[in-house]
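What follows is a set of notes on a single structure, which appears directly below.
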Amino acid sequence: MDLKAATENERPDVILDLERLKNNCNGNVDIVRELLAHLYQRSGPKWFLGLQNAVVAGNTEEFREICHGMKGASATVFAWRISNLALEFERLARDGEIEKLRDRMPELQAAFDEFALWVKQCPELS
């Protein structure tokens, strides 16, 4: 699957397409929980620490690489809002737009926090 094409074609307002994720996991909710825990409880804090450090250092290439990974991981679990934002941020980093990245970081963090809350409150994942 071409993740770039997939993220650009999915609805950017969808927090998580849980049905598609469950289908990809053959309906095994335990696998779904494990994937989400790994990607967002473990990877998320590392991503945001890395992004903060990259912004402070003015390292747009590091920022771009982290966003690229975030985009792919999010697309893999059908977390389209985060994936689409990560794609936008990846492009800004590629274009050297460090000030825009710095200014928009709260937007990416808010999307991530909204996702984490949605997953935590989702009755199907309890």
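Checked across the range 87-109, the condition of being within 22 Å of residue 22 (Cβ to Cβ), small (Gly, Ala, Ser) and surrounded by 13 or more Cβ atoms within 10 Å (Cβ to Cβ) holds for no residue. A single member of 14, 56 is out of contact with any Cys (no Cβ under 8 Å at 6 or more places or on another chain) and at pLDDT 95 or above, and it is 56. Out of curiosity, is residue 41 part of a helix (DSSP H, G or I) and modelled with pLDDT of 95 or more? No; evaluated as a whole, the condition is false for this residue. Examine the range 16-23 for a residue that is under 16 Å from the mean Cα position of the chain (by Cα) and more than 17 Å from residue 124 (Cβ to Cβ), and state whether such a residue exists. No, the range 16-23 contains no residue that is under 16 Å from the mean Cα position of the chain (by Cα) and more than 17 Å from residue 124 (Cβ to Cβ).
The values are calculated or read from the model by the stated rules, or taken from the named source; none is laboratory data. Remember, predicted model here, so these are calculated numbers, not experimental data. Cβ coordinates were reconstructed from backbone atoms using ideal geometry, including for glycine residues, and neighbour counts include every protein chain displayed.
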